[in-house]
Each structure stands twice: as C-alpha cells, then as structure tokens.
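The values are calculated or read from the model by the stated rules, or taken from the named source; none is laboratory data. None of the values given here were measured: they were computed from a predicted structure. Here Cβ is always computed from backbone atoms with ideal geometry, including for glycine, and neighbour counts include all displayed protein chains.
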Amino acid sequence: MRGLLKKVWRDLAQRRIRSILTILGIALGVGGIVAITSTSRNLVRVQRETFANTSQANINYWVWNAPASLAPLLEADPRIDAVELRLTSIARWRAGEAWRDIELVGIEDFGQVRANQFDLVQGLFPNSGEVLLDISASQVEGLVPGSEIAIRDQDQNERYLRVSGISRSPSYLSSTITNIAVGYVPATFLRRIMNIPGSNQLLIKLHDPRDTQAVVEYVDRLLRRQGIQAGEAQARRPEQFPGSRELDALLIIMYIFSGMGLALSSLLVFNTLSANVAEQINEIAILKALGATRLQVLLVYVAEAFAYGLIGTVLGLGAGIAGGWRLTTWIADLGNTAAGFRLAPEGVALGILVGIGVTLSGSLLPAWQGTRVLIREALDSYGIASDYGQARIDRWLRRIRWFPPLLAMGLRNLSRRKTRTALTLFVVALATAAFLSAMATRDSVNSTIDDVYATYNADAWVWLGESVSSQFSDLLVSVEGVYEAEGWAIANGIVGLAEARLWGLPANSTLYRQVMREGRWFQADEPEAMVLSSELADDQGIRVDDGVEVQINGQTRAFHVVGIAIDNTIFLGSTLSGKAFLPRETLGRMIGQQDRVSLFALGLASRDPASVDRILAEIERKFRQLQPVVQPVYAEIETALEASRLLTLALIAMVLLIALVGSLGILNTLTLSILERRREIAILRATGATNIALVLVFLTEGMALGGIGWLVGLLLGYPSGRLFTGQLEGVLFALDYTLSLRAILASAGFTLLLAIASSLGPALGAAQTSASAALRYE
C-alpha cells in the first residue's frame, strides 16, 4: 500500500501541470453541482419561511374605495386569519434628474401590519411628509434616512418627501428588475393625493391555503352584496413568489451546464489517465515482468484517478459552498428577501458522489487498457501508436502537399494519438455546443419577447379605479396623441379541466394581432365562439370545432372552439400561461360587468418614451377622478429585457466555465503531445528549426483541433439548444427557437480563440526546449 501511495504521489507531483488541469476540471464540475443544489434548497427554504414569517397574503383583491368596516366583516369568517386594507398608487419620483415609477403603498398603522409584512432595515417608520423606501431603490440612488425625494402626482404637482427609513419587502421584486420602486407612506397622506376616503387593495391571509377557492367565492359574494367594486381575486400559493418562474428557469440552465461540465471533467480524467498509461508503458512491462497481475496494474491507475477525484472534490466542495452562498445572496437580493445561507447536506453528498464517481468511471477504460499491454510490445514501444501511418486518415494527411511543411506537420500530428485526439475534439465540440446553446437560448428569449410586443400591439395600458362603459374609449381617443383605444376584459377561469386566463377582446381588435395556428378568429356575431392558445389546447387535446365548458365564479357556460392561436406568454400580472379569447361582451356578462371594463389598451401616435410619458400624463390629469393607473409598454419591454439580461449573465458565466474546461482539454492534449515528442523537437532544433517554427507546428495542431471541434460542435449545438429552450418552456412560456447566422459565426470565433489561447502556452514551451534538454528526456 505504501508503495502504491508513493507511485500515485510521484505521478501527481512530477506531472504538475497535467495534474492541476485535471483537478481543476473536476473541481469546477463538483463546485457547480454543490453551488446550484445548495442555492435551490436555500431559496426554497427562504421563500417558505418568508411566506410564513411575514404573513404573506393568500388572496389579493383590487377594490374601489372600500370602507374600513370591510376588514372586521371578513375576519368574522373562521377560515380567514387576517385582513388588511391598503391604498396604493403609481406615481413618478426622482432623487436626481431622471424620473422613474414608484408604487406608493398607504399603511394605516405601521405597528399593526398583518399581511404582506416588510422589514425595517434602517431608520424609522414614516410620519406625515415622509416615505419608507425599498432597499433596492435606495441602493440604486444612494439614498439613506434623511435624504429627500420628489414625488409627482397625477396632476403633475411635485411634492417632496423625506426618507425616514429603508425597508425590505419580499412581496415585491427588486426595482433593479421591475424598474418600479416601492415606498410606504401613511395612508392619510395618500388619501389626500387620491381624494378618496377608502382603500383600493384588500389582502387576505388564510389559516389553511387549501380553503382559497372557497374563500374567494365567499368574498366575491360579500363584495357584491356590499356594493364594492372589485377586480378578480389574485390567489397565491406558498410555493409561488415573485420571480419564481424566472428563478426556476435560471436553475434549470445552471443544472444543465453543470452536467455538461461534469461530462467534460470525466473526459479530462480519461484523457489524463490515457496519457499516463501511454507514458508508462515501460513501467507497466517491468511490473508485469516482476509478476504483477492485471488487477494490481488496474488498481495502480484507479488509485491515481481516485487521488485526482478526491483532491478535485475537496476543492470543488469549498468552491461550491462559497459560490452557493454568493449566488443565494444575489438571488435573494433580487427577490427582496434576507437569505441566511445553510449548507445543503444533499448538495455535499451529491458533489462527493459525482466528483469521485465521475473520476473513477472516467479512469476505468484507460486503466483496463493498461492491463492489456504485453511485455514485449511495451518494451518495443517508441512513444507513438504502433499503427501510426497505416490508417486511412494517416495516408490522407500524407497527401497534403499544398500546405507549408511546418503547418502540414502540425496537421499530421493529430493522427498520432487518435483516441486522445478524438476525445479532445469531443471536448471542444461540447464547449462549442454549450456556446451555441447559450446564444440560441438568449436569442430565442429575446425574439419571443419582441414577438409578444408585436402581437400585443398596444403602446400603453390604462387601468381605471372603477369600471366604466366600453364607450369610454371615445374619450381616451380625444386625448391628443391617442389614435386608438380598446376596452378589454380579463378574468381567470377554468377551461375544460385547466385553469386559464380569459381575455375578452373586441372581435375586430386592431391592438391584438392574432397569430392563428389553426382555424380562425371569432366574429362579432358569435357570442359563444372561443379561441384557445396552443398550449391550453394541446395540454387537453382540444381541437378546432370541439366544444368546451368554461367555469367562472361557480358558473359554467359552453363554448365552441373556432381557432387555436399561438400566444402562450404570461402577461399583465397573470401566472397562467394558458389563454382563452372570447368576445368582450360575453366575458363581461359572465363576470357581472356587462358592457363595462376597467382596462384599456391604447395605440399612440408616437412610441418615443418622452412622447408616451407626455400623453399618459395628460390622461392621468384629464381623468384623475377615475384614479387611472398607466403603464407604458416600453417600460414593460425594458423590464422583460432586464430579466432576460439576468438569464444572459447566467448563461455567460456557465459558458465561461465550460470554455475553461474545454481549454483545459486542448492544453492537456498539446502538453502531452510535446512531452511525448521531445526527441522530435530535439531533431528539429538540431536541423535549425527556429522558435517561431516550433510555435507554428503546435499552434497549427491546436487550431486544427479547434476548427474540427467547431464543425462537430455545430452538429451538437442545434439539438442541445433545442434541449435548453425546451426546458425553459416548461417554466416560462413557449419560445420560438432561434439559431442565427450571427450566433454560428460568433461560435467560430469563440472556438478558435479558445484553441489559440489554449495552444500558446504549450507552443511557447516547446519553443523554449533546447536540443540537449530534449535528448535527456529518457
């Protein structure tokens, strides 16, 4: 055993560069698995604790001017744990020169917040003339308690508020993503601005979330009896939180990339052990001559692989724990939650299992090949494959006459160790495929976002504080700069057997450009006609001309499916990707709002942000008695692209890790190639080869590996990109897969740059080798 350990240590120590590269590759794969597993477990725990400890509301209603007496009336129901009425308003604010959106939340008593609680991070709760600002907004603007901000109300009047403190609210995503800050103010202050005595937000916390549907039906009836206008209930389950879909997508991407990293690490181990066996043919022959069995020879190299795996796993665990802590903290900050990092035992166990298991599995084949070496063949070996020059590819490479001799020599070197070359090509191909997958995923997400805002052709949305006649659109069109206005109705319901978002649109809508996959759009004289989104139809096997039942508020109505549209986005506050489109008048009758709507889509004469803001400000001023909330589409696009940028950053980080492992593969191969061909280097030196000539030989070999690997990577890149987007579709929405020529050209540049960067070190090392040093190799 002692002799075995000495042998293992000698191999690791004498081949330091090779050992470091292999160990680093294993550490990267293990670290990624540990970091991602720990992050996902920590975030699930944090969100569960946040939901419980901050009394997150299970049900959220928009209401209009609800009296304070509504809260005790609802709390009399034994299923309801807590009720809170709030007042909210979207305004504009600035701390410097630029105006931004802010949601002002009016609180009656900051000492008695019972639902959607928030933490006081710094300072004090606000009094009159003060605001408690969200931590993400304060960090962006560099604000602290005592700073002053300006608020512009719907009448375009500026008011100045002193920042009393900084808050952290898990009910809202970070303003760095949404571009909307959150500020808590006394409800009395907001009532003076909005000029209403009641509240417009109803939060309900249940004892048991399983009672959600029954309580929603009860509250709907109660609100109707009380004559309180209300929007549709927004129910939230404990496992849902702001940004949960995007987080799931991020973790899926990272898991896939970590798996690719581990696969590459296994190939690195295979490559390294194959090189060790090739270099130690004479040692194997001596061991066999002294009576060593095949099992004993096998154990020598398996033990060496175990050493690689053990060291790499230990380093990977450390890196994974540190990376998991940073990743958890970063994502928690985006979700406005305070995350205390806890080590996930299952992540550590998985890291150890994968690190050791992948290493040992990658070592078995080269170790077994080492046991098959015959003593006579081993002692006759000259450092290259015995069949070198006999294979078809060798004969083909010898026919290359039009290349300069040094470049041709670099190309021919690829066929010396065919197995090693094939493995290296596969490693480079995987790195290229990973790059293409990342580019395709990013382009697919961005392309889909662009398509969404082409389908939803509106330039802005207006929510009114109360329902009005659909003819109100004529008044909106009278505002200068508005050329089209359509009243839309939106509700959640059950279509067939699935929950879906119901959209009541005018049959001749110009602000919704339907993209039909099958069938047609409904006509104005078809009150029972319905168009389903492709996802909703496919999930239930519904086809054109089928009948389908729709349930809303306990009422059921039959519809005839006339078409299937391509529109599976999650939009306008929904958490449901399945959609059903029906005539606005029909949906209005089903929800008790016949010919009345509160949401309007606007088409504007100009899409310039400054012009859009001016038009919307005029709408707020002109119709301020209806408390309009306006949302420009350009701001929604910026928010969507910001979330896409976060996904892109994660993709870039993962690609860099994969690229590093791929670079290690090329570096390892060329380093071994130089070690095995030191005699040839000596001969080239003795015949007058210059440093540049030697660099060209090995740089050509590295670039050839990169070029061929890129071609193979192109074949792998398309299906792997499909795999990535397919996984994202499961948690986000349907994506139009896009693999552009720009991405293909960028992948070529990426792979060749990777090959050049990886080849320079070994090539320069070969150039510095003297003839005398090379001849003393043995």
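Below, the figures for the structure above:
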{"item": "Number of the exception - residue 159 against (1) in a strand (DSSP E or B); (2) surrounded by 21 or more Cβ atoms within 10 Å (Cβ to Cβ)", "result": "(2)"}
{"item": "Region 307-321 residues that are in contact (Cβ under 8 Å) with a residue 60 or more places away in the chain, paired with ones that are not in a helix (DSSP H, G or I) (beta carbon under 8 Å, 6 or more apart)", "result": "321/343"}
{"item": "Those residues of region 419-460 which are in contact with a helix residue (DSSP H, G or I) (Cβ under 7 Å, 6 or more places away or on another chain) and within 30 Å of residue 506 (Cα to Cα), in sequence order", "result": "445, 446, 449, 453, 458, 459, 460"}
{"item": "Residue tally, condition surrounded by fewer than 19 Cβ atoms within 10 Å (Cβ to Cβ), in a helix (DSSP H, G or I) and either in contact (Cβ under 8 Å) with a residue 40 or more places away in the chain or touching a His at 6+ places or on another chain (Cβ under 8 Å) (or both), over region 189-202", "result": "1"}
{"item": "Residue, surrounded by the fewest Cβ atoms within 10 Å (Cβ to Cβ), within region 114-142, restricted to residues that are under 28 Å from the mean Cα position of the chain (by Cα), among the polar types (S, T, N, Q) and not in a loop (DSSP other than H, G, I, E, B)", "result": "139"}
{"item": "Of residues in region 691-737 being in a helix (DSSP H, G or I), at pLDDT below 80 and among the β-branched types (Val, Ile, Thr), the one nearest to residue 432 (Cα to Cα)", "result": "725"}
{"item": "Criterion: farther than 18 Å from residue 470 by Cα and either over 31 Å from the mean Cα position of the chain (by Cα) or part of a strand (DSSP E or B) (or both) - qualifying residue of 612, 548, 597", "result": "548"}
{"item": "The lone exception for residue 755 - which of (1) closer than 29 Å to residue 693 by Cα; (2) at pLDDT 80 or above it fails", "result": "(2)"}
{"item": "Out of 42, 53, 58, sole residue that is surrounded by 22 or more Cβ atoms within 10 Å (Cβ to Cβ), modelled with pLDDT under 75 and of a type outside the set (A, V, I, L, M, F, W, C)", "result": "42"}
{"item": "In region 83-113, residue surrounded by the fewest Cβ atoms within 10 Å (Cβ to Cβ) [restricted to those that are of a type in the set (A, V, I, L, M), within 32 Å of the chain's Cα centre (by Cα) and assigned to a strand (DSSP E or B)]", "result": "90"}
{"item": "Subset of region 162-188 that is part of a strand (DSSP E or B) and small (Gly, Ala, Ser) - its residue that is surrounded by the fewest Cβ atoms within 10 Å (Cβ to Cβ)", "result": "165"}
{"item": "Test: residue in region 419-426 that is more than 16 Å from residue 702 (Cβ to Cβ), part of a helix (DSSP H, G or I) and at pLDDT 60 or above", "result": "yes"}
{"item": "Residue within region 156-176 that is under 30 Å from residue 593 (Cβ atoms) and at pLDDT 85 or above present", "result": "no"}
{"item": "Where a residue in region 128-146 is assigned by TED's automatic domain parsing to the domain that holds residue 163 and aliphatic (A, V, I, L, M) and its partner, wherever it lies, is at pLDDT below 85 and in a helix (DSSP H, G or I), with Cβ under 6 Å and at least six apart", "result": "137/175"}
{"item": "Matching residues, region 203-238, being of a type in the set (S, T, N, Q) and either in a strand (DSSP E or B) or touching a Gly at 6+ places or on another chain (Cβ under 6 Å) (or both)", "result": "234"}
{"item": "Residue in region 527-535 that is in contact (Cβ under 8 Å) with a residue 60 or more places away in the chain and outside any strand (DSSP E or B) present", "result": "yes"}
{"item": "Sole exception among (1) modelled with pLDDT of 80 or more; (2) surrounded by fewer than 18 Cβ atoms within 10 Å (Cβ to Cβ) for residue 5, by number", "result": "(1)"}
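Each row is one residue, and each column tells you yes or no for (1) free of Cβ contacts under 8 Å to residues at least 40 places away in the same chain; (2) outside any loop (DSSP other than H, G, I, E, B); (3) touching a Pro at 6+ places or on another chain (Cβ under 8 Å).
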residue: 458; (1), (2), (3): no, no, no
residue: 463; (1), (2), (3): no, yes, yes
residue: 466; (1), (2), (3): no, yes, no
residue: 475; (1), (2), (3): no, yes, no
residue: 480; (1), (2), (3): no, no, no
residue: 483; (1), (2), (3): no, yes, no
residue: 489; (1), (2), (3): no, yes, no
residue: 492; (1), (2), (3): no, yes, no
residue: 499; (1), (2), (3): no, yes, no
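Here's the yes/no breakdown for (1) of a type outside the set (A, V, I, L, M, F, W, C); (2) at pLDDT below 90; (3) in contact with a strand residue (DSSP E or B) (Cβ under 8 Å, 6 or more places away or on another chain):
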| position | (1), (2), (3) |
| --- | --- |
| 202 | no, no, yes |
| 209 | yes, yes, no |
| 224 | yes, yes, no |
| 231 | yes, yes, yes |
| 246 | yes, yes, no |
